[in-house]
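The structure appears right after this line, and notes come after that.
The values are calculated or read from the model by the stated rules, or taken from the named source; none is laboratory data. Just so you know, these numbers come straight off a predicted model, no measurement behind them. With ideal geometry, Cβ positions are generated from the backbone for all residues, glycine too; neighbour counts draw on all protein chains shown.
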Amino acid sequence: MQIIKRPSPNFNERKNKAKIEMVVIHFTGMKSAEDALNKLTDKNDKNPVSCHYLIDEKGKIYQLVAEEKRAWHAGVSKWREFNDVNSASIGIELYNDGKSEFPDIQMQALEKLLQDVIKRNKIDKCNIVGHSDIAPHRKRDPGEKFNWNRLAELGLALKDEPQLKDRFNAAAIAEDEIALKKLFNEAGYRFSYSKNRFNNFKNKASMKEMIIAFQRRWQPEIFTRQSYKIGRADASTVKKLRSVIRASKKCK
Ligand SMILES: [Zn+2]
C-alpha cells in the first residue's frame, strides 16, 4: 500500500494520552481532492482542520497527520463513552462532492487502509463510525451513498444481526419517543454533548436529526426509494436498531 505524505500543521497531542480506539469516516464535500488537501493543511484557515488520511477518487492515499497525533476532524461530537473523539480516533477523509457515488477503486483503497489501521490499533468494529453518527445535529457525511454494507461484509465495520423477534411491538415503539431514545443510546448514539470550549455550538441533536443520521448509515435505500420516510421512525427503523444493538453487545 503506497501512502503519499502531505503533512498538515493542524494537529496537537492526544489528550490524557488517549488510546486510538475509533475510526471516523468523512467525505470532503469539496470540488476536488486538491482543494480538500489545501484546506486540510492550511494553518491560516479561520477554522483550521485536518485528518490523518485522505483518499482521492483514484484511490491515492495521502497521510496528513501521524497516527499518534490528534488530528482535527470530528469537532463537537460524541460516541458511546467518547467525548473527545479527536483524541480517541483516526480520521479518514474520502474525496467526494457529497452527491456522487464512491468509485470502486477508492473503496478498495479505503478497505486496505482500514484493514491495516484496525489491526495495528486493535480497534473494535463498534467504533468504526461516520461523522454523521457522532455529530447528527450538524453533519451528514459520509452520506447515504457510502457503502457501509461493503465494509461490514469484510469485517471492517459492524454488521447488524437481525432476528424475527425484532419485529415485536416495533410500530408502537417507533411512536414512543422515550423508548426510541433508549434504543439509540444503546446503539451508541448520543443526543447531547458535554459542555466544553465549543459552547457556542448547538450541542443537542433532535430526534429527527438522530433518525436521519441512523437512516443514512443503516437504511440508505430510503433516500432513493422512500424519501417520505426520511427523518421518520417506523417499525423498520426499530427493527434495524434492535439488530444493530444485538451486534454491538459483542463489542468491548
Ligand atoms: Zn466530516
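Answer yes if at least one residue in the range 119-130 is touching a helix residue (DSSP H, G or I) at 6+ places or on another chain (Cβ under 9 Å), closer than 21 Å to Glu209 by Cα and free of Cβ contacts under 8 Å to residues at least 60 places away in the same chain, and no otherwise. No: zero hits. From the list Ile173, Ile178, Ile118, pick out the single residue that is under 17 Å from the mean Cα position of the chain (by Cα), among the β-branched types (Val, Ile, Thr), at pLDDT 95 or above and on the phi < 0 side of the Ramachandran plot. Matching residue, one of Ile173, Ile178, Ile118: Ile118. Suppose we keep only residues that are in contact (Cβ under 8 Å) with a residue 40 or more places away in the chain and part of a loop (DSSP other than H, G, I, E, B) within the range 228-245. Which one would you say is nearest to the chain's Cα centre (by Cα)? Only one residue tops the list, namely Ala233. With respect to Ala152, determine if the residue is outside any loop (DSSP other than H, G, I, E, B) and under 16 Å from Ile211 (Cα atoms). No, not satisfied. I want to confirm something. Restricting to the range 76-90 and keeping residues that are over 12 Å from the mean Cα position of the chain (by Cα) and part of a loop (DSSP other than H, G, I, E, B), which single residue is nearest to Tyr189 (Cα to Cα)? Here the residue is Arg80. For Asn169, the conditions (1) within 21 Å of Asp124 (Cβ to Cβ); (2) surrounded by fewer than 20 Cβ atoms within 10 Å (Cβ to Cβ) all hold with the exception of (1). For Leu64, the requirement of being touching a residue at least 40 places away in the same chain (Cβ under 8 Å) and either more than 13 Å from the ligand (Cβ to nearest atom) or not assigned by TED's automatic domain parsing to the domain that holds His131 (or both) is met. As for the range 77-91, it holds no residue that is touching a Phe, Trp or Tyr at 6+ places or on another chain (Cβ under 7 Å), closer than 22 Å to Ile222 by Cβ and either away from the ligand (no atom under 12 Å from the Cβ) or among the aromatic types (Phe, Trp, Tyr) (or both).
Can Met22 be described as in contact with a helix residue (DSSP H, G or I) (Cβ under 6 Å, 6 or more places away or on another chain), of a type in the set (A, V, I, L, M) and crowded, with 21+ Cβ neighbours inside 10 Å? Considered against the rule, which asks whether it is in contact with a helix residue (DSSP H, G or I) (Cβ under 6 Å, 6 or more places away or on another chain), of a type in the set (A, V, I, L, M) and crowded, with 21+ Cβ neighbours inside 10 Å, Met22 comes out as yes.
If we keep just the residues of the range 113-133 that are polar (S, T, N, Q) and crowded, with 21+ Cβ neighbours inside 10 Å, which is nearest to the ligand (Cβ to nearest atom)?
Of everything passing the filter in the range 113-133, Ser132 is nearest to the ligand (Cβ to nearest atom).
Just one of the listed residues (Lys69, Lys5, Lys19) is of a type outside the set (S, T, N, Q), farther than 25 Å from Lys125 by Cβ and away from the ligand (no atom under 16 Å from the Cβ), namely Lys5.
Any residue at all in the range 133-146 that's touching a residue at least 40 places away in the same chain (Cβ under 8 Å), among the aromatic types (Phe, Trp, Tyr) and part of a helix (DSSP H, G or I)? Scanning the range 133-146 turns up no residue that is touching a residue at least 40 places away in the same chain (Cβ under 8 Å), among the aromatic types (Phe, Trp, Tyr) and part of a helix (DSSP H, G or I).
Filtered by the rule that a residue be under 17 Å from Leu158 (Cβ atoms) and either of a type in the set (Phe, Trp, Tyr) or in a helix (DSSP H, G or I) (or both), the range 205-227 gives Ala213, Phe214, Gln215, Arg216, Arg217, Trp218.
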